[in-house]
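K.L.:
Starting off with a structure, shown below.
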Amino acid sequence: MRRSAVGLFLVALSIAWGLTRCGPAPASPAAQAPTVASPESTTPIASPRPSATRTVTPSPSPTAALTPTSTLAASAQPTRSPIPDTPTPTTPPVLTPVAGDPLPMSLDWRLDANGHLTSGLILDADGRSLFLLASLGRTVYALTEEGQVAWRLRMNGPVYALAQLGDTQVAAGDDAGNVTAFNANGRQLWQYTLGSRVTALRGNWQGGTLAGGWDEQLSFLGSGGELHWQADLDGPVSGITTLPGLALAATLNGTVAAFDTTGAEVWRFRALAPVTGIGTAGEGTDAAASAAASAVAIMALQDGHLLALSPDGTQLWKQFLSPGGSVWQPADLVGDAGYEIVAGTGGEEPILALLSASGDMIWRRALPSPAGALASLDLDGDGAQEILVGLTSGEVQAYDGQGRLRGSVHAGLHVWGLHAAENGTALIRADVAAWRVGGEGGSTGGPWLLPPAMVQSMPEQLPASTERKEGEAILVFLGDVSPGRTMEEQLARYGPSHPWEGLAPLLQGADLAVANLESVLATRGAPLDKGYLIRAHPGTAQTLVEAGFDLVNLANNHALDYGQAGMDQTLDTLEALDIAAVGAGSSQEMAHRPAVLNVNGLRVAVLGYAAARWNGSEDVPATDRVAWANPGAVQADVQAVRDRSDLVIVQLHAGTEYATSPSPDQVRFARAAIDAGADLVVGHHPHVTQTVERYRNGLIVYSLGDALFDIPRQATMRGHLLRVHATHNGLVQAELWPFWKADSIQPRLLNDGSGAARFRIIYP
């Protein structure tokens with residue numbers, strides 16, 4: 001039940017423009033006049049900014065972007081940016097780093113946060129440092145140099161961005177659309193509410209703050225939080241930086257737009273891939289700098305390139321690093337008051353690289369796992385900077401300017417951020433914990449266990465015992481899939497197809513692919529008052545398409561995280577993508593309605609139920625928009641569809657989180673479904689795998705674990721893919737294919753020791 005690439009792209013366009021913007025819907029892509037423009041170009045904009053007409057330009061690779069590429073057409077005609085006509089420099093080979101002089105490193109203290117840590121910064125004032133961290137638990141923490149919590153602030157929603165406004169002031173941007181400023185003592189100074197989630201902030205520009213997010217706008221707020229101007233962009237904001245007299249905003253649709261101090265658009269640059277991050281290198285980065293300043297804007301692209309722009313929007317250079325997104329930062333490793341560019345990449349061949357200011361590759365070193373963060377600081381006090389690299393494996397490594405490995409410590413969790421202090425220490429920001437790293441030796445933390453051996457490339461030819469027989473339909477099932485929270489950053493960096501590359505042969509070879517969608521896909525809706533909220537931008541739904549999912553279960557404890565409006569937008573998003581949904585709907589009747597599908601000639605009925613309350617408490621009642629699991633309701637629904645179906649499948653979201661055995665309720669609900677005539681019960685919610693049961697003539701798989709989720713526990717890294725053979729007579733065979741989530745996002749099948757994928761036949 002695969003969908004065509006052209007159809008998917010058009011559907012994705014409709015989602016990007018129909019679901020994420022307010023007001024009248026734009027004309028469909030088919031009705032708009034085509035535009036012709038260079039894939040990478042700068043469009044000068046006359047001042048004052050003219051009224052613009054939106055046109056849609058297909059991306060060179062529709063599956064490469066988190067959201068479809070769009071451009072904003074202005075009255076001025078697009079002109080290609082001048083690109084230096086210079087030969088491509090010779091790229092040095094990737095070398096394994098050799099050891100340099102040992103550098104003692106230690107983890108001095110640790111903070112355990114109440115949710116994923118999404119942003120951090122360090123205030124250096126009066127010779128002391130204050131470490132600030134933002135969490136998805138609606139909290140901003142302030143820590144002393146000794147690791148003591150100086151204060152914490154409760155915010156209106158999960159916090160996604162922090163920015164320094166001055167020596168003693170900070171701003172935070174949250175999921176509810178608020179930009180909140182506070183001083184170094186934690187006292188709120190002002191608050192301004194934007195249209196939706198704030199994903200990027202930049203302070204200290206023109207005496208005010210730049211903000212952007214899901215509302216697809218760049219907003220400039222004054223020193224008291226008052227709105228001075230807003231400018232339209234073409235997609236969710238992925239980063240903000242400044243050049244002399246200019247504010248630059250990058251989007252996941254692959255554009256960078258520059259605005260002057262009045263909010264008038266000066267130029268717009270269109271890249272070939274989504275921009276996953278942007279910053280400034282060189283001198284003269286603020287408005288007071290000389291017009292002759294040498295500052296340049298550098299952006300990381302999803303396709304593995306770094307690209308530099310001059311203040312007039314001209315492309316200065318473009319350098320490919322390796323497949324997979326990158327992180328980068330300027331550093332002075334030579335000590336000549338100039339700068340170099342340090343970059344770390346992800347993907348299957350991660351590297352650490354040093355580039356000159358002109359974009360030439362100086363050296364490349366292999367990394368043991370993808371780079372999640374970088375920092376440069378003088379760890380040993382010798383006057384020369386070292387490079388800190390935070391890896392997805394939880395290790396933090398230190399390198400010198402020649403790329404020699406000097407030391408390492410283990411944080412034990414995926415490292416998302418590194419923040420350097422002036423005193424030669426650094427703040428490590430990992431999933432739900434933070435450390436300070438120093439250079440005096442001592443504790444080295446607790447590394448994760450080494451992952452099991454995984455299959456690097458799945459052969460197209462499956463083992464004979466699992467081959468499709470004539471007249472069979474093949475169905476595959478995965479557990480919890482959640483593209484929200486920190487997974488959004490991963491999807492933006494690597495692209496929507498990346499998570500599924502290791503399972504692609506099994507997913508693409510299926511006639512029906514099913515998963516539990518553990519996230520709201522919405523920009524609208526008020527958050528539910530609960531501890532953990534999960535929502536993702538509707539554009540992330542493209543990863544469901546790339547996986548090949550035909551149906552998702554919505555009966556789970558996150559379906560109403562953003563109320564009725566959030567559920568409605570989720571349902572609309574799935575419908576536009578031709579992905580069926582069960583377990584939730586506009587009414588109780590719709591929530592209990594089965595999806596009856598023609599799967600290679602078989603009539604397959606799928607039902608979905610939740611037995612996990614919204615915050616894990618019985619005090620929160622079930623809603624009539626989600627199918628609640630009780631034996632009587634499950635049996636009635638199964639019996640109603642049994643006689644007109646070849647195969648009846650029940651999706652069950654139940655059990656105790658992180659428990660490796662099913663709860664009594666799980667067993668009771670699942671057996672009730674089989675008693676009523678269901679052939680198969682597929683479970684999820686515990687986030688870990690559980691047992692399998694042959695019950696009567698049916699099969700119960702109590703939990704498949706997580707397939708795409710950002711829970712930082714080793715047990716959640718392991719999951720199962722369930723593959724089922726069926727005919728008109730019901731189940732024929734079922735297989736479990738175990739996998740390990742490499743780099744926290746990509747399930748890869750486990751190796752059986754001979755290089756082939758492991759699997760286990762569990763039925764008959």
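The values are calculated or read from the model by the stated rules, or taken from the named source; none is laboratory data. A quick note: this is a predicted structure, and the numbers were derived from the prediction, not measured. Note: ideal-geometry Cβ built from the backbone for every residue, glycine included; neighbour counts use all protein chains shown.
K.L.:
Considering (1) farther than 24 Å from Arg535 by Cα; (2) in contact with a His (Cβ under 9 Å, 6 or more places away or on another chain); (3) modelled with pLDDT under 95, say which one Ile745 fails and leave the rest.
P.N.:
All conditions pass for Ile745, except number (1).
K.L.:
Consider the range 318-332. How many of its residues are farther than 30 Å from Glu501 by Cβ and crowded, with 21+ Cβ neighbours inside 10 Å? Write out each step before concluding.
P.N.:
Taking the range 318-332 as the starting set, the residues that turn out to be farther than 30 Å from Glu501 by Cβ are 330-332.
Right, trim to crowded, with 21+ Cβ neighbours inside 10 Å and you get 331.
Qualifying residue count, the range 318-332: 1.
K.L.:
Report, by residue number, each residue of the range 462-488 that is closer than 25 Å to Ala161 by Cβ and either assigned to a loop (DSSP other than H, G, I, E, B) or out of contact with any strand residue (DSSP E or B) (no Cβ under 8 Å at 6 or more places or on another chain) (or both).
P.N.:
So the first thing to find is which residues in the range 462-488 are closer than 25 Å to Ala161 by Cβ, and the list is 482-488.
Of everything in the range 462-488, those that are closer than 25 Å to Ala161 by Cβ and either assigned to a loop (DSSP other than H, G, I, E, B) or out of contact with any strand residue (DSSP E or B) (no Cβ under 8 Å at 6 or more places or on another chain) (or both) turn out to be Ser482, Pro483, Gly484, Arg485.
K.L.:
Quick one: Gly655 ticks every box in (1) more than 25 Å from the chain's Cα centre (by Cα); (2) surrounded by fewer than 21 Cβ atoms within 10 Å (Cβ to Cβ) except a single one, so which number is it?
P.N.:
Of (1) more than 25 Å from the chain's Cα centre (by Cα); (2) surrounded by fewer than 21 Cβ atoms within 10 Å (Cβ to Cβ), only one is false for Gly655: (2).
K.L.:
Here is a follow-up. With (1) under 25 Å from Leu379 (Cβ atoms); (2) touching a Ser or Thr at 6+ places or on another chain (Cβ under 8 Å) as the list, and Met155 as the residue in question, which single condition is left unmet?
P.N.:
For Met155, the exception is condition (1).
K.L.:
Let me ask you something else. Which numbered condition in (1) touching a strand residue (DSSP E or B) at 6+ places or on another chain (Cβ under 8 Å); (2) farther than 13 Å from Asn185 by Cα is the only one that Thr168 fails?
P.N.:
Condition (2) is where Thr168 drops out.
K.L.:
Still on this structure: In the range 623-656, what residues are small (Gly, Ala, Ser) and not in a loop (DSSP other than H, G, I, E, B)?
P.N.:
Step one: of the range 623-656, the residues small (Gly, Ala, Ser) are 627, 629, 632-633, 636, 640, 645, 654-655.
The answer is Gly632, Ala633, Ala636, Ala640.
K.L.:
Do any strands (runs of 3 or more DSSP E) entirely within the range 707-764 hold 3 or more residues that are assigned by TED's automatic domain parsing to the domain that holds Pro483 and either touching a helix residue (DSSP H, G or I) at 6+ places or on another chain (Cβ under 9 Å) or aromatic (Phe, Trp, Tyr) (or both), and if so, which? Give the derivation first.
P.N.:
On the way: elements: 718-727, 730-742, 746-749, 760-763.
Answer list for the range 707-764: 718-727, 730-742, 746-749.
K.L.:
Could I ask something else about it? Being in contact (Cβ under 8 Å) with a residue 60 or more places away in the chain and either within 25 Å of Met155 (Cα to Cα) or surrounded by 23 or more Cβ atoms within 10 Å (Cβ to Cβ) (or both) narrows it down to one of Gly525, Gly566, Gly548, Gly539, so name that one.
P.N.:
On the way: Gly525 fails: in contact (Cβ under 8 Å) with a residue 60 or more places away in the chain; Gly566 fails: in contact (Cβ under 8 Å) with a residue 60 or more places away in the chain; Gly548 fails: either within 25 Å of Met155 (Cα to Cα) or surrounded by 23 or more Cβ atoms within 10 Å (Cβ to Cβ) (or both).
Exactly one residue qualifies, and that residue is Gly539.
K.L.:
Looking at this structure, is Arg668 under 24 Å from Asp706 (Cα atoms), without any contact (Cβ under 8 Å) to a residue 40 or more places away in the chain and among the charged types (D, E, K, R)? Don't jump to the end; show me each part of the working.
P.N.:
Numbers: under 24 Å from Asp706 (Cα atoms): yes; without any contact (Cβ under 8 Å) to a residue 40 or more places away in the chain: yes; among the charged types (D, E, K, R): yes.
For Arg668, the condition - under 24 Å from Asp706 (Cα atoms), without any contact (Cβ under 8 Å) to a residue 40 or more places away in the chain and among the charged types (D, E, K, R) - is met.
Residues are listed down the side, and each one gets a yes or a no for (1) surrounded by fewer than 24 Cβ atoms within 10 Å (Cβ to Cβ); (2) in contact with a strand residue (DSSP E or B) (Cβ under 9 Å, 6 or more places away or on another chain); (3) among the aliphatic types (A, V, I, L, M); (4) over 10 Å from Ala605 (Cβ atoms):
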site	(1), (2), (3), (4)
Asp643	yes, no, no, yes
Ile649	no, yes, yes, no
Asp665	yes, no, no, yes
Ala670	no, yes, yes, yes
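K.L.:
Examine the range 505-513 for a residue that is small (Gly, Ala, Ser) and within 21 Å of the chain's Cα centre (by Cα), and state whether such a residue exists.
P.N.:
Taking the range 505-513 first, the residues small (Gly, Ala, Ser) are 509-510, 513.
Still in the list and also within 21 Å of the chain's Cα centre (by Cα): none.
No, that holds for no residue.
K.L.:
What pairs come out if I take residues in the range 347-373 that are over 23 Å from Glu501 (Cβ atoms) and free of Cβ contacts under 8 Å to residues at least 40 places away in the same chain and pair them with residues that are of a type in the set (Asp, Glu) and part of a strand (DSSP E or B) whose C-beta lies under 7 Å away, six or more apart or interchain?
P.N.:
If the second residue must be of a type in the set (Asp, Glu) and part of a strand (DSSP E or B), the pairs left are Ser356/Glu340.
K.L.:
Continuing with this model, one more query. So which pairs qualify, if the first residue must be in the range 630-650 and in contact (Cβ under 8 Å) with a residue 40 or more places away in the chain, the second must be of a type in the set (Lys, Arg) and not in a helix (DSSP H, G or I), the Cβ gap must be under 6 Å, and the two must be at least 6 apart or on different chains?
P.N.:
Partner pairs satisfying both residue conditions: Ser645/Arg603; Asp646/Arg603.
K.L.:
Still on this structure: Could you tell me whether any residue of the range 222-229 is under 28 Å from the mean Cα position of the chain (by Cα), modelled with pLDDT of 95 or more and of a type outside the set (Asp, Glu)?
P.N.:
Keep residues of the range 222-229 that are under 28 Å from the mean Cα position of the chain (by Cα), which gives none.
Among the residues of the range 222-229, not one is under 28 Å from the mean Cα position of the chain (by Cα), modelled with pLDDT of 95 or more and of a type outside the set (Asp, Glu), which makes the answer no.
K.L.:
Looking for something among the hydroxyl-bearing types (Ser, Thr, Tyr), modelled with pLDDT under 85 and assigned to a loop (DSSP other than H, G, I, E, B) - is there at least one such residue anywhere in the range 91-110? Outline the logic, then answer.
P.N.:
Step one: of the range 91-110, the residues among the hydroxyl-bearing types (Ser, Thr, Tyr) are 91, 96, 106.
Now restrict to residues that are modelled with pLDDT under 85: 91.
Next, only the ones that are assigned to a loop (DSSP other than H, G, I, E, B) stay: 91.
Checking the range 91-110: at least one residue is among the hydroxyl-bearing types (Ser, Thr, Tyr), modelled with pLDDT under 85 and assigned to a loop (DSSP other than H, G, I, E, B).
K.L.:
Read through the list (1) outside any helix (DSSP H, G or I); (2) under 23 Å from Val732 (Cβ atoms), then give the number of the only condition that Ala659 fails.
P.N.:
So the condition that Ala659 fails would be (2).
K.L.:
Given the criteria modelled with pLDDT of 95 or more and in contact with a helix residue (DSSP H, G or I) (Cβ under 9 Å, 6 or more places away or on another chain), does Ala526 qualify? Outline the logic, then answer.
P.N.:
Numbers: modelled with pLDDT of 95 or more: no; in contact with a helix residue (DSSP H, G or I) (Cβ under 9 Å, 6 or more places away or on another chain): yes.
Considered against the rule, which asks whether it is modelled with pLDDT of 95 or more and in contact with a helix residue (DSSP H, G or I) (Cβ under 9 Å, 6 or more places away or on another chain), Ala526 comes out as no.
K.L.:
A follow-up question, please. Take Thr314 and tell me if it is outside the structural domain of Val415 (by TED's automatic domain parsing), modelled with pLDDT of 95 or more, of a type in the set (Ser, Thr, Tyr) and over 26 Å from Ala163 (Cβ atoms).
P.N.:
Values: outside the structural domain of Val415 (by TED's automatic domain parsing): yes; modelled with pLDDT of 95 or more: yes; of a type in the set (Ser, Thr, Tyr): yes; over 26 Å from Ala163 (Cβ atoms): yes.
So Thr314 passes the test.
K.L.:
Output the number of residues of the range 721-764 satisfying the condition of being closer than 30 Å to Asn114 by Cβ, of a type outside the set (A, V, I, L, M) and touching a residue at least 40 places away in the same chain (Cβ under 8 Å).
P.N.:
Our first condition is that a residue be closer than 30 Å to Asn114 by Cβ; within the range 721-764, this holds for 739-747.
Among the residues that remain, those that are also of a type outside the set (A, V, I, L, M) are: 739-741, 743-744, 746-747.
Filter once more, so that each one left must be touching a residue at least 40 places away in the same chain (Cβ under 8 Å): 739-740, 743-744, 746-747.
Count: 6.
K.L.:
Looking at (1) modelled with pLDDT under 95; (2) closer than 26 Å to Val681 by Cβ; (3) among the aromatic types (Phe, Trp, Tyr), which is the one condition that is false for Tyr562?
P.N.:
(2)
K.L.:
Also: Taking the stated definitions as given, is Ser219 over 26 Å from Val342 (Cα atoms), touching a Gly at 6+ places or on another chain (Cβ under 8 Å) and not in a strand (DSSP E or B)? Before you say what the answer is, go through the steps one by one.
P.N.:
Working: over 26 Å from Val342 (Cα atoms): yes; touching a Gly at 6+ places or on another chain (Cβ under 8 Å): yes; not in a strand (DSSP E or B): no.
So Ser219 does not fit the description; no.
K.L.:
Exactly one of (1) surrounded by fewer than 21 Cβ atoms within 10 Å (Cβ to Cβ); (2) over 22 Å from the mean Cα position of the chain (by Cα); (3) in a strand (DSSP E or B) is unmet by Glu145. Its number?
P.N.:
Every listed condition holds for Glu145 apart from (3).
K.L.:
Suppose we keep only residues that are of a type in the set (Asp, Glu) and surrounded by 21 or more Cβ atoms within 10 Å (Cβ to Cβ) within the range 687-723. Which one would you say is nearest to Ile649 (Cα to Cα)?
P.N.:
Just the residues of the range 687-723 that are of a type in the set (Asp, Glu), to begin with: 693, 706, 710.
So of that shortlist, the ones also surrounded by 21 or more Cβ atoms within 10 Å (Cβ to Cβ) come out as 706, 710.
Numbers: Asp706: 19, Asp710: 27 Å.
If we take residues in the range 687-723 being of a type in the set (Asp, Glu) and surrounded by 21 or more Cβ atoms within 10 Å (Cβ to Cβ), then Asp706 is nearest to Ile649 (Cα to Cα).
K.L.:
Quick check on Pro496: is it crowded, with 24+ Cβ neighbours inside 10 Å and in contact (Cβ under 8 Å) with a residue 12 or more places away in the chain? Break it down into steps so the answer makes sense when it comes.
P.N.:
Details: crowded, with 24+ Cβ neighbours inside 10 Å: yes; in contact (Cβ under 8 Å) with a residue 12 or more places away in the chain: yes.
Criteria met by Pro496.
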